[in-house]
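Data first, discussion second: the structure below is written as structure tokens.
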There are 4 protein chains.
Amino acid sequence: MSAPVSVKDYENSAREKLPKSVWDYYSSGANNEQTLSDNCNAFSRYRLRPHVLNDVSKVNLGSSVLGTPIDFPVCIASTAMNKMAHPTGEIAVVKAAESMKIGYMQSTWATTSVEDITAAAPGAIRWLQLYIYKNREVTKQLVQRAERLGYQGIFLTVDTPILGKRYKDVKNNFSLPSHLSLENFKALDLKELHTVDGENGSGLAQMVAALIDPSLQWSDIAWLKTITSMPIVLKGIITGEMAKRAVKENVAGILVSNHGARQLDGVPATIDALREIVQAVDGKCEVYLDGGVRNGTDVIKAIAFGAKAVFIGRPVLWGLAHNGQEGVRHVLKMLREEFKTALQLMGCTSIEEL
Amino acid sequence: MSAPVSVKDYENSAREKLPKSVWDYYSSGANNEQTLSDNCNAFSRYRLRPHVLNDVSKVNLGSSVLGTPIDFPVCIASTAMNKMAHPTGEIAVVKAAESMKIGYMQSTWATTSVEDITAAAPGAIRWLQLYIYKNREVTKQLVQRAERLGYQGIFLTVDTPILGKRYKDVKNNFSLPSHLSLENFKALDLKELHTVDGENGSGLAQMVAALIDPSLQWSDIAWLKTITSMPIVLKGIITGEMAKRAVKENVAGILVSNHGARQLDGVPATIDALREIVQAVDGKCEVYLDGGVRNGTDVIKAIAFGAKAVFIGRPVLWGLAHNGQEGVRHVLKMLREEFKTALQLMGCTSIEEL
Amino acid sequence: MSAPVSVKDYENSAREKLPKSVWDYYSSGANNEQTLSDNCNAFSRYRLRPHVLNDVSKVNLGSSVLGTPIDFPVCIASTAMNKMAHPTGEIAVVKAAESMKIGYMQSTWATTSVEDITAAAPGAIRWLQLYIYKNREVTKQLVQRAERLGYQGIFLTVDTPILGKRYKDVKNNFSLPSHLSLENFKALDLKELHTVDGENGSGLAQMVAALIDPSLQWSDIAWLKTITSMPIVLKGIITGEMAKRAVKENVAGILVSNHGARQLDGVPATIDALREIVQAVDGKCEVYLDGGVRNGTDVIKAIAFGAKAVFIGRPVLWGLAHNGQEGVRHVLKMLREEFKTALQLMGCTSIEEL
Amino acid sequence: MSAPVSVKDYENSAREKLPKSVWDYYSSGANNEQTLSDNCNAFSRYRLRPHVLNDVSKVNLGSSVLGTPIDFPVCIASTAMNKMAHPTGEIAVVKAAESMKIGYMQSTWATTSVEDITAAAPGAIRWLQLYIYKNREVTKQLVQRAERLGYQGIFLTVDTPILGKRYKDVKNNFSLPSHLSLENFKALDLKELHTVDGENGSGLAQMVAALIDPSLQWSDIAWLKTITSMPIVLKGIITGEMAKRAVKENVAGILVSNHGARQLDGVPATIDALREIVQAVDGKCEVYLDGGVRNGTDVIKAIAFGAKAVFIGRPVLWGLAHNGQEGVRHVLKMLREEFKTALQLMGCTSIEEL
Ligand SMILES: Cc1cc2nc3c(=O)[nH]c(=O)nc-3n(C[C@H](O)[C@H](O)[C@H](O)COP(=O)(O)O)c2cc1C
Ligand SMILES: Cc1cc2nc3c(=O)[nH]c(=O)nc-3n(C[C@H](O)[C@H](O)[C@H](O)COP(=O)(O)O)c2cc1C
Ligand SMILES: Cc1cc2nc3c(=O)[nH]c(=O)nc-3n(C[C@H](O)[C@H](O)[C@H](O)COP(=O)(O)O)c2cc1C
Ligand SMILES: Cc1cc2nc3c(=O)[nH]c(=O)nc-3n(C[C@H](O)[C@H](O)[C@H](O)COP(=O)(O)O)c2cc1C
């Protein structure tokens, strides 16, 4: 294969390099994968209307998330268990993020601990994606460790009271390979984990059922605020109603997301939902988007509809699978360059002009 | 083939296991099969709008049909001649239904008699799908036998004055294999049957033409009420006008159905028709849906649009063909689990909240 | 191949049996063939809304064209040069039409003369499709011969001042095989024909350019009325504006047609155009449709939108290619049966109830 | 391969004949090539509504561009580096244009100089497509050379402050083969060119970045007018807003274009944009279209929506690749003939009647 020049190329490379069950876990979506393809295809329903004959010799690609400046408006979404893609796992990803001066959202289920992440890339903008556990003490410890390590925000995932139905994981009896572990919990005693057999259907779904709190509700945001002073972003809002509800809780931001179409198949594509959410929020908190972002014009569309930044999940995994940190970095560089090109061709010199 | 984990997997298994003419009979639809694919595809035209951060730790999946509680809102639609799929035929199906605590609608053209069904699964919720015969005496006997055996309702099929044009059956000269028989009529002398040669085109279409009364009309519902006190559901309503007309006859329910797209090609997909029918009925009787239901989110959509339950036809046949009662039971279990997952991900704890 | 049970089967058979250049000529459309596929696909944009529980034990399929009763509302559209499909050519077709009691529209460019047609099927309902020649004397003779032979109407083709661009015919240097001739003109001296070399591009297009009058205009209808008292139908109207204009000329009927998508690619599908035309005509003349009719539900849709009858072109050629008169007859019988089935399933006992 | 009879045939021939990297450069579009396919497909969203029974025996295909009559409304769009398609390159193209009496727009990046073009086809209608260089002196010299040679207009490309992202060129490290050169600049000393290495990604993109002025703005049109008295057309307008803005600068014309979908993927198809632009311009300058024109009915649609002429890019390259001048000429002849046919079948005798 020749050197990859697009996210698509990295995806093709990853498909070849990864063991089937890992590829399936990373690439698949819930049920019929209707929303999975829609997340990508929906971008093509919108048309760009460029301005011509503007001086675009100097452009500023910067944006900010939760008050922290980023070099261009593409950050890294939390994806679980990165060491399955490449032995360097999350370390490679966070270092790539650090070098590109964009933000890194670490998964609760990383195969690297918050401590090791921080040690590897102390200058990186780090946020913690959070699943709230039945065991609130475990949750609290994790959040507070992150805060002490300089994490700058919590992305609370709200679309996962239980795991979505992913046929391929069920078929593969998918669970984390035995030589890896969810490092954030290594020190903790999670007795619920012992109920997971991992031999019958999706081990991951069983783990979620055993550990994650399906009774999570709006009032828990207040509780979360009692244990941390980091700003809270809700990850997984996909309608205007829910966005309005979130604003009432004084959250710092909303990440318009359907979890990469891995939870409830049939929900709207994120770019389709974005506008109603931006309207509903009416400037009362920041809005971001993830899901299906694959090139620079996708970024343009999300920003033009009111997102402050977009997050990418799978493209990072494809870069990582291809050749570790270098691959992730190249994916980010390509997106940066494509975004810059598209911005200039739109006749804009900064994201405010979009 | 690995163990099936979705209805689609069962369909693929059945395609391999069944003799071609049986597969064709079970799977095909009328004419160009436009409505056949539309029945399934139409579900993807609707988007789910989940509520997040609701406590979904405890959910109640139950619904009811004609006043009888069911464990979750998926019941079994009448399909003719199940012994072609598996030697255990209808017995396997009704037992699966019994064990899952959902309703079983037996076809007039079952290859097992109402008596044998009842003996095998006395605790099952049983309804009789009815074709009204030219020979009204035959009709009356069948209905009254069912009522005596504890059947709890009649699903009167209204979309089949004659059989739809199914090219594959014509090509295969399809008729019931000679070692099987329509057990409900074994004792009765149906002289019309002798006019069927079964060598020229669809033997089934000829049987329908010989036996079924094409002069059936609205006034016959009154007649039906004179011979049974079971509640009557009209099966095969696909427009709001007809639903309004049905309400005038004081029927107990309407099953929005296009007979699995096997009668008149070009009619609406059932999920497309459901809303106008629910509106037309305006709560005056129960409304159900069948046609194209293949996973948990399909069920969610139908229930959200006002159906009390959905019925499945082919998925049951695929499970039966794969491995008898166990297959049917697994199909039902999968749909139960998928429905539960989808309900929770919608942020709902019961079907009333949809 | 097993015995054909649908028009599609006949099409597949014809594709195999016919020489490539003949298949290409018969099957192809103009330019990109956008309208060709649209003619068929457009039918699936409309949904049937059946009435149930009507007595459909007795149905009357009959309609009429120009006052002449036909047994069911499907007639035969003019297609040129039928002997390329089968040696029996037009004779087989007209005999099939006669036996089915529906109308036969003979092409000006038949490979059988009006005299021979009439001799073979004196009881057939015959109409003459007319191209008006630059040589008006030739035109007049043909019309008057037909009238004397008992032809009952003229279908004046108005969409062919020149021939449409059909790439395949150009590529094949298509022209009539030398052992066949346009029998209606055998006796006449058409000196323009000598300008056609038939070696360079579509010989047919050259013939049209040489013979057909591209200056034909509305006022010529008055001239046509001076030479015949047969009723005149305009074949090739595809917009409401033109239909209104036609009504002003007191034509007896309008055949909504785009010449089987062989003239101007990009015009509307006929079923899409039908409704605006029926509305524009407002009952002032009869309206028919041809183009893309392939099964009984297509007929239902056209009749429901106001056509008195539909005409079929290619399906007749496919039947003819398969096995002559028998094939044509079977195509007609299938369409009759499918139409009957669909009518009954619509809950109607005659075309008036549609 | 048999002799080509359509633009599609020429495209297929070119795909076979050209080296892969040249084919890729000529055929590809930006990013996902969404707009590339849309440019062609969009034409099929519009329906033609022919008039029948008009005398079309005599038709006038002529139009004019910037006051110069053309024989039919199809001209040649600027495409860079034609000698890669065929050794005769631009000379073949301009001679074909001359012989067909339509206009030729020469690319700034031609592999033949304006002098050689003029010498080869002194009778041709010639316009110069202009990229404005950072080095304004170079720009000025080129414009003034063209004007002295009898060029009749400037098509100022406004959609290329930088080059679009074309994955295939990046992958191929595409740049001009070493035996060819951009002849218009041979005499000039373009020191910026030395910064281009052509070994890493798209050499063309690097050349554009080095040479073309990304600070080009509306006020530069005034500057352009100070150095030439040729009329100025803006090439690359795709929205009504920009068209209105252009009118303010008193340009002579607007070429609705998205650069053959090679610059910003996701912009509207040109035929979709045309109408809003014609409306915005409101007759204050001429409007033309390029992008996706592949047959006579495409031309009809653009003219009917208000364009005075259309331009073709790739079809010319396909003809050139097939067999030089003869191929280009045949492509033009086919389009002329197809346009004539379509015009007659529309019932029109000139473009004014469309
Ligand atoms: C393999 C994989 C694992 C993921 N793991 C998590 C996770 O642990 N927590 C979470 O909130 N989201 C998780 N997500 C969702 C991502 O954060 C993000 O919403 C999604 O990937 C964005 O869509 P994209 O992959 O199309 O860019 C995961 C996604 C993937 C593909
Ligand atoms: C093989 C087969 C046989 C059927 N037999 C009957 C029948 O005897 N009576 C009846 O009312 N409906 C019959 N139906 C229709 C079903 O009751 C039901 O409406 C339909 O199968 C639902 O669509 P689905 O198969 O997409 O779930 C049959 C359907 C199939 C597929
Ligand atoms: C092979 C062929 C030849 C035709 N020849 C004529 C003809 O000579 N005169 C005419 O008016 N229409 C002619 N037509 C058009 C038909 O009369 C009719 O409009 C068309 O075939 C209907 O569409 P269908 O083929 O989809 O049924 C021809 C069509 C075909 C396919
Ligand atoms: C290979 C190629 C080279 C081109 N080079 C130029 C160029 O040098 N300058 C320019 O303004 N447009 C250029 N264009 C754009 C064309 O002028 C024109 O806008 C486009 O090709 C029209 O679309 P079409 O190819 O679908 O007909 C180029 C297009 C192609 C395909």
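The values are calculated or read from the model by the stated rules, or taken from the named source; none is laboratory data. None of the values given here were measured: they were computed from a predicted structure. Positions of Cβ are backbone-derived with ideal geometry, glycine not excepted, and every protein chain shown enters the neighbour counts.
Structural remarks
- Test result for C:Val52, within 16 Å of ligand 2 (Cβ to nearest atom) and modelled with pLDDT of 95 or more: yes
- Every listed requirement among (1) under 30 Å from D:Leu343 (Cβ atoms); (2) touching a strand residue (DSSP E or B) at 6+ places or on another chain (Cβ under 6 Å); (3) not aromatic (Phe, Trp, Tyr) is met by D:Pro268 save one, (2).
- Yes/no for A:Ser78 being more than 16 Å from ligand 4 (Cβ to nearest atom), away from every other protein chain (no Cβ under 14 Å) and closer than 26 Å to A:Gly266 by Cα: yes
- Filter result for C:Thr139 (within 14 Å of chain D (Cβ to nearest Cβ) and β-branched (Val, Ile, Thr)): no
- For segment C:153-167, the set of residues classified as over 20 Å from D:Val7 (Cβ atoms) and either in a loop (DSSP other than H, G, I, E, B) or within 16 Å of ligand 1 (Cβ to nearest atom) (or both) consists of C:Gly153, C:Val158, C:Asp159, C:Thr160, C:Pro161, C:Ile162, listed by residue number.
- Any hit, segment A:76-89, residues being surrounded by 19 or more Cβ atoms within 10 Å (Cβ to Cβ) and either touching a Cys at 6+ places or on another chain (Cβ under 6 Å) or closer than 23 Å to A:Leu343 by Cβ (or both): yes
- Scanning segment C:255-272 for residues that are more than 13 Å from ligand 3 (Cβ to nearest atom) and within 22 Å of C:Tyr46 (Cβ to Cβ) yields C:Gly266, C:Pro268, C:Asp272.
- Test: D:Glu11 is in a helix (DSSP H, G or I) and more than 16 Å from ligand 4 (Cβ to nearest atom): no
- Each residue in segment B:274-294 was checked for being crowded, with 24+ Cβ neighbours inside 10 Å and within 13 Å of ligand 2 (Cβ to nearest atom), and 6 pass.
- Taking the conditions (1) within 16 Å of ligand 3 (Cβ to nearest atom); (2) in a loop (DSSP other than H, G, I, E, B); (3) more than 23 Å from C:Gly253 (Cα to Cα) in turn, C:Ala80 satisfies each one other than (3).
- Residue count, segment B:118-145 (criterion: in contact with a strand residue (DSSP E or B) (Cβ under 6 Å, 6 or more places away or on another chain) and not basic (Lys, Arg)): 8
- Filter pass, D:Ala252 being surrounded by fewer than 24 Cβ atoms within 10 Å (Cβ to Cβ), in contact with a Pro (Cβ under 7 Å, 6 or more places away or on another chain) and among the small types (Gly, Ala, Ser): yes
- Residue list for segment B:1-26, restricted to those being under 27 Å from C:Asn295 (Cβ atoms) and within 14 Å of chain A (Cβ to nearest Cβ): B:Glu11
- Answer from D:Ile303, D:Ile312, D:Ile254, D:Ile271 - the residue that is away from ligand 2 (no atom under 16 Å from the Cβ), closer than 30 Å to D:Ile221 by Cβ and in contact with a Ser or Thr (Cβ under 8 Å, 6 or more places away or on another chain): D:Ile303
- Which numbered condition C:Gly29 fails, given (1) of a type outside the set (Ser, Thr, Tyr); (2) assigned to a loop (DSSP other than H, G, I, E, B); (3) within 14 Å of chain B (Cβ to nearest Cβ): (3)
- Residue that is farthest from ligand 1 (Cβ to nearest atom), among those in segment C:95-119 that are in a helix (DSSP H, G or I) and charged (D, E, K, R): C:Glu115
- Of the residues making up segment B:320-335, those that are within 14 Å of another protein chain (Cβ to nearest Cβ) and either surrounded by fewer than 21 Cβ atoms within 10 Å (Cβ to Cβ) or part of a loop (DSSP other than H, G, I, E, B) (or both) are B:His330, B:Lys333.
- If only residues of segment C:221-231 that are within 12 Å of chain D (Cβ to nearest Cβ) and within 22 Å of the chain's Cα centre (by Cα) are counted, the one that is surrounded by the most Cβ atoms within 10 Å (Cβ to Cβ) is C:Leu224.
- Of the residues making up segment A:287-299, those that are among the aliphatic types (A, V, I, L, M) and either without any contact (Cβ under 8 Å) to a residue 24 or more places away in the chain or out of contact with any Phe, Trp or Tyr (no Cβ under 7 Å at 6 or more places or on another chain) (or both) are A:Val287, A:Leu289, A:Val293.
- Residues being polar (S, T, N, Q) and part of a helix (DSSP H, G or I) - total across segment B:213-239: 2
- Screening D:Glu338 against (1) among the acidic types (Asp, Glu); (2) buried (at least 23 other Cβ atoms within 10 Å of the Cβ); (3) away from every other protein chain (no Cβ under 14 Å) leaves a single unmet condition, (3).
- Checked against the criterion of being modelled with pLDDT under 95, more than 16 Å from ligand 4 (Cβ to nearest atom) and either crowded, with 24+ Cβ neighbours inside 10 Å or among the β-branched types (Val, Ile, Thr) (or both), the candidates C:Val138, C:Val143, C:Val114, C:Val93 yield just one match: C:Val138.
- Any hit, segment B:133-156, residues being within 16 Å of ligand 2 (Cβ to nearest atom), under 19 Å from B:Ala205 (Cβ atoms) and hydrophobic (A, V, I, L, M, F, W, C): no
- Residue that is nearest to the other protein chains (Cβ to nearest Cβ), among those in segment C:240-254 that are in contact (Cβ under 8 Å) with a residue 40 or more places away in the chain and not hydrophobic (A, V, I, L, M, F, W, C): C:Gly240
Per-residue answers, yes or no, for (1) of a type outside the set (A, V, I, L, M); (2) within 14 Å of chain C (Cβ to nearest Cβ):
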position	(1), (2)
D:Ala269	no, no
D:Val281	no, no
D:Val287	no, no
D:Asp290	yes, no
D:Val299	no, yes
D:Ala309	no, no
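- If you go through segment A:135-160 and keep only what is under 24 Å from B:Lys340 (Cβ atoms) and in contact with a helix residue (DSSP H, G or I) (Cβ under 6 Å, 6 or more places away or on another chain), you end up with just A:Asp159.
- For segment D:202-220, the set of residues classified as facing another protein chain (nearest Cβ under 8 Å) and crowded, with 20+ Cβ neighbours inside 10 Å consists of D:Leu216 only.
- Selected residue [in contact (Cβ under 8 Å) with a residue 60 or more places away in the chain and within 11 Å of ligand 4 (Cβ to nearest atom)] from D:Asn54, D:Asn39, D:Asn31: D:Asn39
- Number of positions in segment C:32-63 that are assigned to a loop (DSSP other than H, G, I, E, B), more than 14 Å from chain B (Cβ to nearest Cβ) and within 24 Å of C:His259 (Cβ to Cβ): 2
- Applying the condition of being aliphatic (A, V, I, L, M) and within 14 Å of chain A (Cβ to nearest Cβ) to segment D:160-186 and asking which residue is farthest from D:Val267 (Cα to Cα) yields D:Val170.
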